[in-house]
Structure formats: structure tokens, C-alpha cells
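**Student:** Pasting a structure here, questions to come.
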Amino acid sequence: MIAESYARAAPLRVVGGSTRIRSEAIAAAQTLTSRRLSGIVTYEPGALTLIARAGTPIEEIEATLAAEGQAFAFEPMDHRAVLGTKGAPTVGGMVSANISGPRRIHAGACRDHLLGVRFVDGRGRIIRNGGRVMKNVTGLDLGKLLCGSHGTLGVLTEVALKTLPAAESQQTLAFHGTSVKEATEIFAAALATPFEVSGAAFRSGTVWLRVEGLSPQVDYRRERLSALFRDREIDILGEPASRALWRGLRDLHHFAGSSVPLWRILVKPSEAPAVVARLHALGGDVSLDWGGGLIWFESNANGSAVRHAAGVGQAALLRRGTLPNSEGFPAEGASVARLSAALRRTFDPAGILNPGLMGK
Amino acid sequence: MSTIAMPEPDAGVLARAPQIIAALEAALPAGTVISSPEETRAYECDALTAYRCPPLAVVLPRTTEEVATAMRVCHELRVPVVPRGAGTSLAGGALPTADSVVIGTMRLREILEVDTANRFIRVQTGVTNLAVSAELEVEGFFYAPDPSSQLACTIAGNIAMNSGGAHCLKYGVTTNNLMGVRIVMATGDIVELGGPLLGVSGLDLVGLICGSEGQLAIVTEATLRIVPKPEGARPVLIGFDSAETAGECVGRIIRSGLLPVAIEYMDDVCLRAVEAFVKAGYPNCAAVLIVEVEGSEAEIDHQIERIRLIAEELNPVEFRASRTAEESLAIWKGRKSAFGAMGRLGDYLCLDGTVPVSKLPHTLKRIGELSKAYGLEVANVFHAGDGNMHPLILFNANAPGELERAEEFGADILRLCVDAGGCLTGEHGVGIEKRDLMTKQYTADDLAIQMEIKSVFDPAWLLNPAKVFPLEVSQPHRDAAARCP
């Protein structure tokens with residue numbers, strides 16, 4: 001199908017489960033979904049490796065991993081609630097968008113757990129890169145390029161990912177009545193400890209720190225962190241409450257059920273207070289994740305105002321609302337944009353894969 | 001004596017050598033360009049010492065701008081460039097050709113920014129791996145990738161080869177700890193990619209640069225993720241009377257939900273050599289595992305106890321848990337001196353293939369069979385947790401034909417790794433050493449797109465041009481580049 005589209009230079013809308021990409025914004029007559037390329041190919045818990053076809057629902061994979069006490073450590077977000085989409089998020093869509101959740105701050109992003117890819121490029125060539133092992137420097141790493149390319153470089157057909165033991169236990173420390181500035185101070189202090197804080201988020205005056213691990217480890221880490229912040233009042237959330245809290249923070253339940261534009265802004269954590277102050281001046285609501293390195297901003301402000309407020313941070317539009325599609329991705333510097341455009345032409349010379357989604 | 005071919009040097013470039021050296025000297029500060037044969041000889045090889053060739057000249061810049069100047073001159077004069085870190089590559093990644101200019105990063109030595117609040121360090125890439133962690137020591141942080149050459153190897157080389165080390169089971173390899181780079185393109189243009197933010201919205205070009213073996217650009221600055229130092233770490237040593245059981249133990253530990261920072265494996269050949277060399281007091285058995293765990297004293301005890309329960313089901317010959325810093329040193333002593341101990345036995349080739357952890361027992365058995373068939377002894381010492389094997393093939397370089405036989409044996413082992421679902425190289429890189437085996441792992445289309453990407457960054461194919469891609473496969477690209485104006 002891609003080879004044929006290439007021959008006709010006919011644009012294709014490339015999607016997984018259609019829970020993330022605003023596909024109606026892509027000018028294409030035909031849609032190509034990997035949804036039917038479904039199923040786990042190999043899962044070896046003893047090797048921490050999973051290979052799945054791109055259309056495999058993430059829920060199916062997570063259930064399979066959970067049965068062996070394992071998980072994707074990067075905690076992929078489920079966008080359905082916040083985007084009001086239906087369908088099943090797929091592992092291919094997850095890789096295409098480099099989807100990572102709160103644990104990204106400790107365990108790395110989706111791209112850090114991607115071991116190999118199989119994909120079809122814009123000419124219809126079937127290409128394999130990487131493999132199924134954790135250490136591999138055999139040739140150029142195309143998986144990194146594909147991960148986060150939103151279907152613009154190729155259509156993923158199979159992905160290999162690293163799995164990790166799921167934390168046996170977790171607890172959360174909650175600090176109430178904190179300002180954004182205090183929040184970033186708490187984050188910086190907590191993340192400089194060896195207690196492996198695996199979640200560091202803030203919303204409406206509350207800071208949450210998550211500790212995970214083997215059961216005795218979690219008690220120990222909670223005690224040490226509590227001692228570090230002994231002059232603050234701290235509530236402890238035990239197992240079920242902690243799990244539910246982070247599920248909600250991961251999937252942005254606090255911004256669900258709305259169509260107001262929602263921005264995802266990456267900043268240096270120490271700059272978060274200043275950026276948040278500028279965002280508040282535009283009107284809207286914020287929450288922080290990744291120890292202050294990620295700001296979610298729900299607002300009707302226009303794109304240039306938000307980008308101006310973000311400063312050197314990078315603002316991308318997750319929920320478009322009524323804003324034009326061109327607002328989606330932040331502009332890149334001229335040299336980087338030139339390299340990226342040249343790479344896109346290498347993978348997709350006719351410009352048929354999700355044209356215009358990420359840039360020229 | 002060598003079996004790996006390099007292209008004939010460009011006679012046109014060789015003829016213009018005096019003008020090329022003069023142009024570099026005119027454009028760069030005094031003392032930056034080295035061209036006398038006595039001095040360039042020091043750069044004739046890296047740690048793959050069987051292959052040597054002095055370059056036309058060596059440039060040792062102190063700033064990104066000087067790297068850019070050198071690159072621009074070489075680009076204008078159509079001279080191939082071989083990037084070099086500390087020259088510790090085991091794959092010939094920094095091997096020059098007679099018509100090339102080596103651009104070394106070893107004088108790019110500045111620590112530019114330490115930012116513990118945002119958890120990164122920014123350095124020039126000639127800084128050594130160990131110096132980065134040393135800089136962070138007082139802050140309670142460290143830089144996680146720790147290749148065994150960390151005392152000497154530079155961050156530039158680590159990025160080029162996506163280096164790992166013993167602790168990557170928990171902390172990942174270079175690509176997982178690299179946030180941004182400043183690169184000099186083949187044309188001399190300077191480009192910034194990534195930075196201290198936790199991701200980019202566009203294409204992940206930092207991820208593409210990492211592990212690209214000097215094929216795309218020279219990296220002059222790097223922003224590295226830093227992590228807090230653990231409270232403590234202690235190893236256990238477990239001896240088994242069969243390689244298979246040791247392999248089984250690795251899988252069971254990983255499945256149990258524990259995440260050790262390191263699982264190291266040594267076989268009987270290696271154990272005997274180490275015992276003779278440093279008397280580490282290792283058990284006399286078929287295989288030894290060293291498993292290290294981190295945390296507080298109580299956390300470490302808890303994890304060691306769980307490892308003991310797993311190991312005892314497999315009837316180990318010995319289970320020795322460290323209780324003190326001295327005991328930890330004693331357990332690590334043999335492993336850390338393994339390569340030195342092997343060196344005493346004669347010459348060796350160090351391989352770097354990776355296999356899925358579940359295929360370790362099968363792969364070890366086949367390596368043993370091949371060892372008998374080739375009549376060359378092999379020792380296995382490697383990072384078992386991630387399946388990254390380092391078989392050491394022992395040979396006598398003075399015996400005619402033995403290097404060639406050892407190389408053939410090595411190639412067979414790497415093919416075995418690929419057939420087992422693994423890859424040719426886990427952390428050393430392809431370089432020249434594994435270049436001609438790339439067609440075993442990749443199809444023509446797989447390699448074509450990689451070479452097309454190289455052409456995007458380096459249209460004239462001047463950067464490390466005879467590496468990574470088999471010469472006959474890259475020939476059309478190199479010919480097309482040569483015809484470009």
C-alpha cells in the first residue's frame with residue numbers, strides 16, 4: 001500500500017488506535033492503521049524483553065507483563081480521558097509518540113526502553129533496525145528517530161521493548177499548602193537523594209513524591225524522605241490510594257472532560273516557578289510533573305503568548321481545542337529544522353506519511 | 001598480515017599533503033597541527049593494534065570553533081577526517097588512513113556547567129569518563145555509564161560508541177544518559193541538539209548521533225544526565241559447576257523482580273588465569289557470577305538474602321556474600337584484573353557480541369565447540385545481565401596465520417550471536433573490525449537507509465569513510481560523493 005501511495009505520491013494518514021493523533025487535521029485521502037497488525041510475538045521475562053506487532057493494544061501487553069510481575073518502567077500515559085477519544089491505544093502509537101508518564105524522571109522515556117523496530121519507509125521498503133538486546137551499537141540507531149516521529153518517517157510494524165520488574169510496593173508523600181517555588185525546592189532536594197523518587201508532581205498547592213520498590217525498601221525510603229522534610233507536614237498515601245493517585249496524574253484526569261487547549265511545556269525544573277508565573281498571567285490552570293520539568297497548561301490563551309511565556313522551554317499542543325493545527329509543534333532552530341527536513345525526505349521522499357504533522 | 005581491507009589512499013590528497021598541512025596550520029593556532037612522521041605515528045592505531053596507519057596530519061583543537069575551522073579546511077580541500085577520542089577503541093573506530101586528517105578531542109577538557117538542581121553536567125567531550133564522575137563526587141552525584149577503560153576514554157568516544165559498562169543493567173548505556181550535544185558538521189557548521197530539557201518535540205537527533213561512530217559529525221560538547229550516588233553497594237559471588245546452571249541463575253534473578261546493578265560472568269579459563277595472576281581466592285569451578293546490589297545496609301541484606309534463596313535452588317559450588325568493603329574489593333579484584341590476567345596468557349582478540357539472556361547457555365556451548373574446531377582457546381568474561389558477551393580468543397601473533405585464524409573464529413562467534421537473535425556489537429562499535437559482517441545482521445535496504453542518513457549529514461563522505469559499512473556496499477555512495485562538486 002505504501003509503495004503504491006509512493007508511486008502516486010498520494011498522502012496517507014498513519015495512525016495506531018487513533019487515541020492520540022488529531023488525524024482529521026492531516027490532509028490525506030486514505031488512512032493506514034496498524035490496528036490489525038496485532039499480537040505479542042515474543043515475551044521473555046527472564047531476558048526483560050517483549051516483541052509485539054505495532055497494532056497490539058497496550059492494555060493487552062500490560063496484562064501480559066503484569067502476570068509475570070513486570071511492566072513498562074516508563075509508565076505510558078493513556079490519552080483517552082484528556083482527549084475524549086475512544087479506541088484502544090496501541091504499542092506502535094506509543095512508540096511513534098514517545099509516550100512516557102510520571103516515572104520518566106527516574107526510569108527514562110519510552111525511547112530509552114525501545115530496543116528495536118521494524119517499519120516500512122515512505123518508499124515501501126521494509127526495514128529492520130536495532131534488535132531485542134539491551135546493548136547494541138551495530139549501525140545507526142534509527143529506533144530513536146522513529147520514536148517520537150509521529151508516523152512521519154515510516155509505519156511501524158513491530159517493536160521490541162525492554163521490560164522491567166514492576167515495583168512490588170509504593171507509597172506517596174503529600175505536602176499540602178505549597179507554592180510552585182516551594183514545590184520545585186522539594187523536588188530538587190528529593191531528587192538529589194538516593195531514595196529513587198519515581199514520581200514528583202504538583203497541582204493546586206499539593207506536592208506528591210512517590211517511592212517504590214521491595215516492601216521494606218519503600219518503608220525505609222519513606223522514612224528517610226520524611227526525615228529530610230521534617231519541618232513540613234506530610235500525609236502518607238498507602239498502596240491503593242497511591243496507585244490511584246498516580247494513575248490520575250499520569251492520565252491528566254484533572255484536565256479531562258474539557259475542550260480548552262492543553263499545552264505540554266518542557267522546562268528546566270529550576271525555571272518552572274518563573275514560567276508558571278507568566279502562564280498564570282495569561283489565565284488558565286497548571287499542573288507539574290517530572291520534578292517540575294514538565295508543565296501542563298490548560299488555557300484559552302493564543303499560541304504565541306504561551307510560547308512567549310514558556311521562554312526557552314518547549315511548548316507543544318496536546319489538546320488543540322479551537323487553535324489552528326499549525327500550532328501543534330514548536331518551531332525548531334534553522335539548522336535543526338534543515339537536518340530534520342532532510343531526514344524526512346530520506347525516509348519519505350514523496351512526503352506521503354502524515355504530511356505537515358511535524359513540519360516540512 | 002591483516003585480513004580487513006582499507007581503501008587505497010586518494011593519490012590526489014597525498015600529492016597535496018604539503019598544501020593541506022599549510023592550510024590547516026594557517027587557519028589554526030600554533031601547536032594545534034601535528035604533521036611530522038615521528039609524531040603522527042602516535043596516532044597510527046587505537047586499541048585494535050593489529051591495524052596501523054599513520055595519518056597525513058593530526059589536529060588537536062581546544063575549542064569547538066577550532067574543530068569547526070579544521071573541518072571546514074578539510075571539507076574545502078576534500079580530505080577525509082578521522083575523529084578520535086582517547087584512542088581506546090577496540091574496533092578500529094579511530095584507525096586513520098594515509099590520506100586522512102585525525103581530529104582529536106583530547107584537548108577539549110573543560111567542565112562547562114554543573115547543575116545539580118536540574119540534574120545535568122555539561123562538558124567538553126575530551127573530558128574522560130572518570131573525570132566526569134570525579135567532578136560530581138562532592139555533590140553526591142555520578143555519571144552512570146562506566147566502560148572499563150573509564151580512566152582513559154573520553155566522553156566523545158563514549159558517545160561515538162554508545163558505551164555501556166558494568167552497571168548498565170540498572171542505569172542504561174550512554175544514549176540513556178545523554179541529553180544534548182554540540183556538534184560540528186562535515187562542512188564546519190556548528191549545531192546544537194537537545195539540551196537540559198527532558199525530551200524534544202521534534203525528531204530525536206541526539207539519539208541518532210549517539211553510537212554513530214564518527215560517521216555523522218564530531219561531538220564537541222555534551223549535556224549528560226547525572227544521578228545521585230547510592231548509599232552503598234555490595235556484591236555476592238556464586239560459583240557453579242556448569243555454564244548452563246550459571247546462565248539459568250541469571251535468568252531467575254532477573255525474573256524474581258530484583259534489579260541488580262551488575263551481573264558479571266567468568267568461565268573456567270578466565271578463572272584459572274585470574275587465580276594465577278592475582279590469587280583472588282575464587283572457587284575452582286565451571287563458572288562464577290558476581291552480582292552487585294545497591295541501597296542502604298538493610299536494603300542490601302534483604303536483596304542478598306533473596307539472591308541466596310534463588311541460587312541455593314541451583315546447588316551452587318559456593319555462595320559468598322560480601323559483608324564489608326574489604327570483602328567487596330576481594331570479590332571484585334579478580335573480575336577487574338581479568339583482562340590483565342588474560343594478557344599474561346598471550347595475545348587475545350576481545351569480542352563484543354550480544355545475545356538474548358535466554359540464549360547464553362546455548363551460545364557458550366557453541367563457542368566451546370568452535371574453540372575445539374579452531375584449536376584456539378577462548379575465555380568468557382562478560383556482563384551477563386544484559387547478554388553482552390566478551391569472548392577473548394587467545395592466540396600467538398608471532399605464529400604465522402594465527403591472527404587470521406583467530407579473526408575467522410571471532411567472525412563465527414559474531415555470526416552465532418546474530419543467529420541467536422543478538423547483534424554484532426554491544427558497546428565496542430563496528431569500526432573496521434565488524435564492518436564486513438554487517439550484511440549478516442542487516443539486509444541491503446536496512447543498510448541503504450543508514451547510508452542515506454550518513455549522506456544527509458556528510459554528503460561528501462569525508463567522515464570516517466571506510467568504517468561501519470562494508471566497502472563494497474558503500475562503494476556507490478563513496479563514488480557518488482567523489483563526483484560531487
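The values are calculated or read from the model by the stated rules, or taken from the named source; none is laboratory data. Everything numeric in this text was worked out from a predicted model, so none of it was measured. Neighbour counts run over all protein chains shown; Cβ positions are idealised from the backbone, glycine included.
**Student:** Taking the range A:283-317 only, how many residues are at positive phi and within 14 Å of chain B (Cβ to nearest Cβ)?
**Tutor:** 4
**Student:** Could I ask something else about it? Going through the range B:156-177 one residue at a time, which ones are within 20 Å of residue B:450 (Cβ to Cβ), of a type in the set (A, V, I, L, M) and more than 7 Å from chain A (Cβ to nearest Cβ)?
**Tutor:** Selection gives B:159, B:160.
**Student:** So, one more: Search the range B:438-450 for residues that are farther than 16 Å from residue B:212 by Cβ and more than 7 Å from chain A (Cβ to nearest Cβ) and pair each with any residue that is among the aliphatic types (A, V, I, L, M) and part of a helix (DSSP H, G or I) when their beta-carbon atoms are under 8 Å apart and the residues are at least 6 apart or on different chains.
**Tutor:** Cβ pairs passing all conditions: B:439/B:447; B:439/B:473; B:440/B:414; B:440/B:418; B:444/B:473.
**Student:** Considering every residue within the range B:42-59, establish whether at least one is without any contact (Cβ under 8 Å) to a residue 24 or more places away in the chain and under 15 Å from residue B:107 (Cβ atoms).
**Tutor:** There is at least one residue in the range B:42-59 that is without any contact (Cβ under 8 Å) to a residue 24 or more places away in the chain and under 15 Å from residue B:107 (Cβ atoms).
**Student:** Examine the range B:129-145 for a residue that is under 30 Å from residue B:438 (Cα atoms) and within 14 Å of chain A (Cβ to nearest Cβ), and state whether such a residue exists.
**Tutor:** For the range B:129-145, residues under 30 Å from residue B:438 (Cα atoms) and within 14 Å of chain A (Cβ to nearest Cβ): present.
**Student:** Scanning the range A:269-282 for residues that are surrounded by fewer than 22 Cβ atoms within 10 Å (Cβ to Cβ) and under 28 Å from residue B:227 (Cα atoms), which turns out farthest from the other protein chains (Cβ to nearest Cβ)?
**Tutor:** Only one residue fits best here, namely A:274.
**Student:** Name, by its number, the condition in (1) in contact (Cβ under 8 Å) with a residue 60 or more places away in the chain; (2) part of a helix (DSSP H, G or I); (3) not hydrophobic (A, V, I, L, M, F, W, C) that does not hold for residue A:271.
**Tutor:** Status for residue A:271: all satisfied but (1).
**Student:** Conditions first: (1) in a loop (DSSP other than H, G, I, E, B); (2) more than 25 Å from residue A:156 (Cα to Cα); (3) away from chain B (no Cβ under 14 Å). Residue A:351 passes all but one, so which condition is the exception?
**Tutor:** If we test residue A:351 against (1) in a loop (DSSP other than H, G, I, E, B); (2) more than 25 Å from residue A:156 (Cα to Cα); (3) away from chain B (no Cβ under 14 Å), just (2) comes out false.
**Student:** Right, something else. Tally the residues that are out of contact with any strand residue (DSSP E or B) (no Cβ under 9 Å at 6 or more places or on another chain), hydrophobic (A, V, I, L, M, F, W, C) and within 30 Å of residue B:18 (Cα to Cα), restricting the search to the range B:96-150.
**Tutor:** 1
**Student:** Need the failing condition index for residue A:217 against (1) at the interface with another protein chain (Cβ under 8 Å from one of its Cβ atoms); (2) closer than 30 Å to residue B:211 by Cα, just the number.
**Tutor:** It is condition (2) that residue A:217 fails.
**Student:** In the range A:80-100, which residues are of a type in the set (Gly, Ala, Ser) and either surrounded by 24 or more Cβ atoms within 10 Å (Cβ to Cβ) or touching a Leu at 6+ places or on another chain (Cβ under 8 Å) (or both)?
**Tutor:** Listed by number, the residues that qualify are A:81, A:92, A:93, A:96, A:100.
**Student:** Let me ask something else. Mind checking whether some residue in the range B:408-422 is at positive phi, part of a loop (DSSP other than H, G, I, E, B) and away from chain A (no Cβ under 14 Å)?
**Tutor:** Within the range B:408-422, not a single residue is at positive phi, part of a loop (DSSP other than H, G, I, E, B) and away from chain A (no Cβ under 14 Å).
**Student:** Still on this structure: Among the residues of the range A:287-298, count how many are surrounded by fewer than 21 Cβ atoms within 10 Å (Cβ to Cβ) and either out of contact with any Phe, Trp or Tyr (no Cβ under 7 Å at 6 or more places or on another chain) or among the hydrophobic types (A, V, I, L, M, F, W, C) (or both).
**Tutor:** The number of residues fulfilling the criteria is 0.
**Student:** In the set A:68, A:60, which member is more than 18 Å from the chain's Cα centre (by Cα) and either within 14 Å of chain B (Cβ to nearest Cβ) or among the aromatic types (Phe, Trp, Tyr) (or both)?
**Tutor:** Among A:68, A:60, only A:68 is more than 18 Å from the chain's Cα centre (by Cα) and either within 14 Å of chain B (Cβ to nearest Cβ) or among the aromatic types (Phe, Trp, Tyr) (or both).
**Student:** Quick check: is even one residue across the range A:108-124 in a helix (DSSP H, G or I) and more than 7 Å from every other protein chain (Cβ to nearest Cβ)?
**Tutor:** Checking the range A:108-124: at least one residue is in a helix (DSSP H, G or I) and more than 7 Å from every other protein chain (Cβ to nearest Cβ).
**Student:** Restricting attention to the range B:345-385, which residues are free of Cβ contacts under 8 Å to residues at least 60 places away in the same chain, polar (S, T, N, Q) and within 14 Å of another protein chain (Cβ to nearest Cβ)?
**Tutor:** Correct list: B:363 only.
**Student:** Considering each of B:268, B:301 in turn, give the residue that is within 16 Å of residue A:214 (Cβ to Cβ), surrounded by fewer than 20 Cβ atoms within 10 Å (Cβ to Cβ) and free of Cβ contacts under 8 Å to residues at least 40 places away in the same chain.
**Tutor:** Selected residue: B:301, the only one of B:268, B:301 that is within 16 Å of residue A:214 (Cβ to Cβ), surrounded by fewer than 20 Cβ atoms within 10 Å (Cβ to Cβ) and free of Cβ contacts under 8 Å to residues at least 40 places away in the same chain.
**Student:** Right, something else. Take the range A:168-182 and flag every residue that is more than 9 Å from chain B (Cβ to nearest Cβ) and either under 22 Å from the mean Cα position of the chain (by Cα) or not aliphatic (A, V, I, L, M) (or both).
**Tutor:** A:169, A:170, A:171, A:172, A:175, A:176, A:177, A:178, A:179, A:181, A:182
**Student:** Do we have any residue at all in the range A:51-66 that's touching a residue at least 60 places away in the same chain (Cβ under 8 Å), surrounded by 22 or more Cβ atoms within 10 Å (Cβ to Cβ), touching a Ser or Thr at 6+ places or on another chain (Cβ under 8 Å) and not hydrophobic (A, V, I, L, M, F, W, C)?
**Tutor:** no
**Student:** For the range A:127-138, name all the residues that are of a type in the set (A, V, I, L, M, F, W, C) and either out of contact with any helix residue (DSSP H, G or I) (no Cβ under 7 Å at 6 or more places or on another chain) or not in a strand (DSSP E or B) (or both).
**Tutor:** Result: A:133, A:134, A:137.
**Student:** Which of the following residues is under 20 Å from residue A:48 (Cβ atoms), more than 7 Å from chain B (Cβ to nearest Cβ), within 18 Å of the chain's Cα centre (by Cα) and at pLDDT 95 or above: A:146, A:161?
**Tutor:** Sole residue among the options that is under 20 Å from residue A:48 (Cβ atoms), more than 7 Å from chain B (Cβ to nearest Cβ), within 18 Å of the chain's Cα centre (by Cα) and at pLDDT 95 or above: A:161.
**Student:** Across the range B:101-125, which residue is nearest to residue B:224 (Cα to Cα) among those that are touching a residue at least 60 places away in the same chain (Cβ under 8 Å) and in a loop (DSSP other than H, G, I, E, B)?
**Tutor:** Top of the filtered list is B:119.
**Student:** Does residue A:27 meet the test of being over 18 Å from the mean Cα position of the chain (by Cα) and over 22 Å from residue A:248 (Cα atoms)?
**Tutor:** yes
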